[in-house]
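The values are calculated or read from the model by the stated rules, or taken from the named source; none is laboratory data. Just so it is clear, the structure is predicted and the values come from calculations on it, not from any experiment. Backbone-built Cβ (ideal geometry, glycine too); neighbour counts: all protein chains shown.
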Amino acid sequence: MARRKKVYEGKAKILYEGPEPGTFVQYFKDDATAFNAQKKDVIDGKGVLNNRLSEFFMKGLAQIGVPTHFIKRINMREQLIRSVEIIPLEVIVRTYAAGTLSERLGLEEGTALPRPIVEFCLKDDALGDPLVSEEHIIAFGWASQQDLDDMIALALRVNDFLSGCMMAVGIRLVDFKIEIGRVWEGEFQRLIVADEISPDSCRLWDVETGQKLDKDVFRRDLGSLTDAYTEVARRLGVMPSNVTHATKPTLIN
Ligand code: TYD
């Protein structure tokens, strides 16, 4: 096979040029990072799990009319996606307090919020992805007021969908992050969900026990990250539990 051109390499994924203009191949690595890449490790099978989980959530979103960049999964670690112009903001939705919100406001982790809250962080590793206000976003031109309204509406729909998916399998969606991209259709632009949706960018707690099934397992050294993500995939019926640990090539659908 001809060597593909690498377009971009991030902490957890690589983007290659796709087979047609306007497409990329998104490759999920096993690398895990936290605290702005100060903590790093390679977690066997994480990329395979996140590829499948992101496919599952993006397909589900498309089915309820939420547009995403996902086109199709190609193999265990790769998916074909639409290329988008990424808006340089991390869009966070929180239903329960945790992480930096708990630290900032002195709220105990797990406190139910009065309503889902949408926050924006500037995508800038050098600055540690600082929290920014809507005023900042408009003033510095990272997005327009219309974009902001559309991003909030999109993020809240994703929240309702993901919360429902998770609650159906006994998991509480505490918070999550998405990235949103612009696509042009003729003269019109619209915003679609991009990047990935996986336990790397969500907080997922078992409803009964409170056990963490997300990247906090890695951030806070709480055990095996692969086991946690495998449990999420198993509950959602996304993949058999042994695929990521296969020692020889395994066919999956
Ligand atoms: P937050 O509590 O603000 O930060 P941290 O994860 O560092 O404690 O994160 C809220 C949610 O958004 C959480 O599920 C992790 C996710 N998130 C990312 O995946 N990447 C990011 O760059 C940020 C800022 C948050």
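Being within 16 Å of the ligand (Cβ to nearest atom) and in contact with a helix residue (DSSP H, G or I) (Cβ under 7 Å, 6 or more places away or on another chain) narrows it down to one of 43, 64, 92, 86, so name that one. Going through 43, 64, 92, 86 in turn, the sole match is 43.
Apart from one condition, residue 65 fits all of (1) without any contact (Cβ under 8 Å) to a residue 60 or more places away in the chain; (2) outside any strand (DSSP E or B); (3) within 16 Å of the chain's Cα centre (by Cα); the exception is (3). Going through the stretch 96-123 one residue at a time, which ones are more than 11 Å from the ligand (Cβ to nearest atom) and touching a residue at least 60 places away in the same chain (Cβ under 8 Å)? Residue satisfying the conditions is 110 alone. Filtering the stretch 30-62 to residues that are of a type in the set (Lys, Arg), surrounded by fewer than 21 Cβ atoms within 10 Å (Cβ to Cβ) and touching a residue at least 24 places away in the same chain (Cβ under 8 Å) leaves only 39. Just so you know, in the stretch 1-26 the residues that are more than 16 Å from residue 51 (Cβ to Cβ) and among the basic types (Lys, Arg) include one that is modelled with the lowest pLDDT, and it is 3.
Residues considered: 233, 228. Of these, the only one that is part of a helix (DSSP H, G or I), over 23 Å from residue 101 (Cβ atoms) and in contact (Cβ under 8 Å) with a residue 24 or more places away in the chain is 233.
Listed conditions (1) surrounded by fewer than 16 Cβ atoms within 10 Å (Cβ to Cβ); (2) farther than 26 Å from residue 79 by Cα; (3) at pLDDT 95 or above are all met by residue 187, apart from (3).
Checked against (1) touching a residue at least 12 places away in the same chain (Cβ under 8 Å); (2) within 14 Å of the ligand (Cβ to nearest atom), residue 220 meets all criteria but (1).
Just one of (1) assigned to a helix (DSSP H, G or I); (2) modelled with pLDDT of 95 or more trips up residue 200, so point out which. The failed condition is (1). If you go through the stretch 83-142 and keep only what is acidic (Asp, Glu), closer than 29 Å to residue 190 by Cβ and surrounded by 11 or more Cβ atoms within 10 Å (Cβ to Cβ), you end up with 85, 90, 119, 124, 129, 134.
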